[in-house]
Amino acid sequence: MGQAKKRKQRFLTDHTQCCYCGLPATTIDHFPPRNFFKGRHWPVGYEFPACHTCNHAKSRDEQSLGLLVRLIRFDTDPDTREFQEALTAVRNNNPILIKELVPKSAVASKLYLRNRFGSAENVGGLGLTGWRGLSIGPEANRLTDNMCVWFAQTAWYLHCHSIFEGRIIWSRIETEFLGHEAAQQIVSNLVGQPEMLRNGKNVSNDFFYRYFASDDILVSIFQFGQRPQMVFVVCATRKGAINTDLELAKLWGQRNIDLS
Ligand SMILES: [Zn+2]
């Protein structure tokens, strides 16, 4: 038996249930997926047990998400070849998404950036002059929905040590909002700051998260890139653990944030 096969067998002996559905696991799944990382330098330890059905069902969406996360990064020096490859793959396999990603007009994009960063000088200082926004439609929303659910399920498995069952609430917020007091309060509670390492090299420039986990609740903020357009806030709670609509706001002092 080869090393890889032995490793897989050992992993599945320690992790018997699919972290997504709870059925017997037969494969190893990576989350965040390998194609989210430049040069496919995915972090060690982010491997999860999955049944064939769940693993297979994710793969096509992950290809599309690989393109979306590159767009979200606000990245002015994308590795062009990888970006082009991601684009071609999605063109072939998910034309609905491509159809949906219509560039906003140059005027609308300029106005958006100026409103967001205060002045044309600030926009220029960030190297974003000429950046064109894209309209987001139902397919992109479906994909980000799935991504947040998978994030919650895998983070729960990793940090709460069980198969998640309950309610997941997520929201995307513009990065600047993290400077606000209410958001700062949440972030200060997210004491879990995992390292994302690959061969000793930090890969958190591509993906980074902070979290708080207890037996009943996992709250996390994650982002792609060092200066992304938006960050994702995800909360997962066990069924009946807390009234997520009312108590969450009190617990995290985040009345100003719509997590719906
Ligand atoms: Zn499964």
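The values are calculated or read from the model by the stated rules, or taken from the named source; none is laboratory data. Bear in mind that the values here come from a model prediction, so they are computed numbers and not experimental data. Counting neighbours? That spans all protein chains shown, and the Cβs are built from the backbone with ideal geometry, glycine included.
Taking region 22-43 on its own, how many of its residues are outside any helix (DSSP H, G or I), farther than 17 Å from Trp156 by Cα and not hydrophobic (A, V, I, L, M, F, W, C)? Steps first, please.
Here is the first cut: in region 22-43, the residues outside any helix (DSSP H, G or I) are 22-33, 37, 41-43.
With farther than 17 Å from Trp156 by Cα added as a condition, the list becomes 24, 26-27, 37, 41-43.
Now narrow it down to the ones that are not hydrophobic (A, V, I, L, M, F, W, C): 24, 26-27, 41, 43.
Of the residues in that region, 5 qualify.
Just the residues that are farther than 24 Å from Val203 by Cα and part of a loop (DSSP other than H, G, I, E, B), please, taken from region 44-70.
The answer is Cys51, and nothing else.
List the number of the failed condition for Arg34; all other conditions in (1) in contact with a His (Cβ under 9 Å, 6 or more places away or on another chain); (2) within 16 Å of the ligand (Cβ to nearest atom) hold.
Arg34 satisfies all of (1) in contact with a His (Cβ under 9 Å, 6 or more places away or on another chain); (2) within 16 Å of the ligand (Cβ to nearest atom) except (2).
State which residue pairs qualify: first residue assigned by TED's automatic domain parsing to the domain that holds Ala50 and β-branched (Val, Ile, Thr) and inside region 17-29, second residue modelled with pLDDT under 95 and more than 8 Å from the ligand (Cβ to nearest atom) in any location, beta carbons under 7 Å apart, and separation of 6 or more residues or different chains.
Note: pairs meeting the criteria are Ile28/Lys8.
Quick check on my filter: what residues within region 133-153 are farther than 13 Å from Asp61 by Cα and within 11 Å of the chain's Cα centre (by Cα)?
So the first thing to find is which residues in region 133-153 are farther than 13 Å from Asp61 by Cα, and the list is 133-138, 151-153.
Answer for region 133-153, where residues must be farther than 13 Å from Asp61 by Cα and within 11 Å of the chain's Cα centre (by Cα): Phe151, Ala152.
Does Cys19 meet the test of being buried (at least 18 other Cβ atoms within 10 Å of the Cβ), in a loop (DSSP other than H, G, I, E, B) and within 16 Å of the ligand (Cβ to nearest atom)? Write out each step before concluding.
Details: buried (at least 18 other Cβ atoms within 10 Å of the Cβ): yes; in a loop (DSSP other than H, G, I, E, B): yes; within 16 Å of the ligand (Cβ to nearest atom): yes.
Here the answer is yes, as Cys19 does meet what is asked.
Out of the residues in region 210-238 meeting the condition of being among the hydroxyl-bearing types (Ser, Thr, Tyr) and farther than 18 Å from Glu195 by Cα, tell me which one is surrounded by the fewest Cβ atoms within 10 Å (Cβ to Cβ). Break it down into steps so the answer makes sense when it comes.
Restricting attention to region 210-238, the residues satisfying the condition of being among the hydroxyl-bearing types (Ser, Thr, Tyr) are 211, 214, 220, 237.
With farther than 18 Å from Glu195 by Cα added as a condition, the list becomes 214, 237.
On the way: Ser214: 12, Thr237: 22.
Within region 210-238, the match that is surrounded by the fewest Cβ atoms within 10 Å (Cβ to Cβ) is Ser214.
Restricting to region 22-50, name every residue that is surrounded by 20 or more Cβ atoms within 10 Å (Cβ to Cβ) and charged (D, E, K, R).
Across region 22-50, the qualifying residue is only Asp29.
Conditions first: (1) more than 14 Å from Tyr209 (Cα to Cα); (2) small (Gly, Ala, Ser); (3) modelled with pLDDT of 90 or more. Gly192 passes all but one, so which condition is the exception?
Every condition holds for Gly192 apart from (1).
All but one of (1) exposed (fewer than 15 other Cβ atoms within 10 Å of the Cβ); (2) at pLDDT below 95 hold for Thr53; which doesn't?
(2)
Which residues, counting only those in region 71-108, are charged (D, E, K, R), touching a residue at least 40 places away in the same chain (Cβ under 8 Å) and either within 16 Å of the ligand (Cβ to nearest atom) or in a helix (DSSP H, G or I) (or both)?
Taking region 71-108 and keeping what is charged (D, E, K, R), we get 73, 75, 77, 79, 81-82, 85, 91, 99-100, 104.
Next, from what is left, pick out any that are touching a residue at least 40 places away in the same chain (Cβ under 8 Å): 73, 75, 79, 82, 100.
Glu82, Glu100 - these are the residues of region 71-108 that are charged (D, E, K, R), touching a residue at least 40 places away in the same chain (Cβ under 8 Å) and either within 16 Å of the ligand (Cβ to nearest atom) or in a helix (DSSP H, G or I) (or both).
Which residue out of Arg198, Arg227 is within 30 Å of Leu128 (Cα to Cα), out of contact with any Asp or Glu (no Cβ under 9 Å at 6 or more places or on another chain), of a type in the set (Lys, Arg) and in contact (Cβ under 8 Å) with a residue 24 or more places away in the chain?
Of Arg198, Arg227, the one residue that is within 30 Å of Leu128 (Cα to Cα), out of contact with any Asp or Glu (no Cβ under 9 Å at 6 or more places or on another chain), of a type in the set (Lys, Arg) and in contact (Cβ under 8 Å) with a residue 24 or more places away in the chain is Arg198.
For region 115-154, give me each residue that is hydrophobic (A, V, I, L, M, F, W, C), crowded, with 16+ Cβ neighbours inside 10 Å and part of a helix (DSSP H, G or I).
Within region 115-154, Phe117, Val123, Ala140, Leu143, Met147, Cys148, Val149, Trp150, Phe151, Ala152 qualify.
Of Tyr157, Tyr112, which residue is at pLDDT below 95, out of contact with any helix residue (DSSP H, G or I) (no Cβ under 8 Å at 6 or more places or on another chain) and surrounded by 12 or more Cβ atoms within 10 Å (Cβ to Cβ)? Outline the logic, then answer.
Details: Tyr157 fails: at pLDDT below 95.
Unique residue meeting the criteria: Tyr112.
When only residues in region 2-16 that are modelled with pLDDT of 95 or more and in contact with a strand residue (DSSP E or B) (Cβ under 8 Å, 6 or more places away or on another chain) count, which is surrounded by the fewest Cβ atoms within 10 Å (Cβ to Cβ)?
So the residue we want is Thr16.
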